[in-house]
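Below are the structure tokens for one structure; questions will follow.
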């Protein structure tokens, strides 16, 4: 895990769960990343892709999601 670095903006601390198939309406076992600020970037119902990296994962963003993320950085003056 690389941690903080130039160009990385912390938006919060997420709750991360393995959501087991058949429990709480899950049709397949999956990972939930719960952080309200993510919905300012990736709207409910939109899809994106996820990849792995050393120590974690990354979420790839589509053009409109990138625009929202950049607005969020400016709006909240995230360091």
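Computed from the coordinates by the stated procedures, all read-outs in this text should not be read as laboratory data. All figures in this text were calculated on a predicted structure; none of them were measured in a lab.
With springs only between Cα atoms under 10 Å, which of 43, 53, 62 fluctuates most in a Gaussian network model of the chain?
Comparing 43, 53, 62 in the GNM, the peak value goes to 53.
Mean separation of Cα pairs under 8 Å and 6+ residues apart, divided by the residue count of the chain: what relative contact order is that in percent? Working shown, then result.
Details: 75 pairs, mean separation 22.0, N = 79.
Once divided by the residue count of the chain, the mean separation gives 28 percent.
With springs only between Cα atoms under 10 Å apart, run a GNM on the chain and tell me which of 22, 51, 60 wobbles the most.
Result: 22 has the largest fluctuation of those listed.
Here's something else I'd like to know. Taking the 0 to 90 degree range and rounding to the nearest ten, how far is the long axis of helix 63-76 tilted relative to the main principal axis of the chain, both from C-alpha atoms?
60 degrees
Taking springs between alpha-carbon atoms closer than 10 angstrom, which of 64, 34, 54 fluctuates most in the Gaussian network model of the chain?
54
As a test of the formula, what do you get for the chain when each DSSP H run with n ≥ 4 contributes -39,500 (n - 2.57) and the sum is divided by the residue count, at 222 nm and rounded to the nearest 500 deg cm²/dmol?
Working: 1 runs with 14 residues, N = 79.
Estimated from H runs of four or more residues: -5500 deg cm²/dmol.
Scan (1) 16.7; (2) 13.8; (3) 14.3 for the value of Kirkwood radius over Cα pairs in Å calculated from this model and give just the label.
Entry (3).
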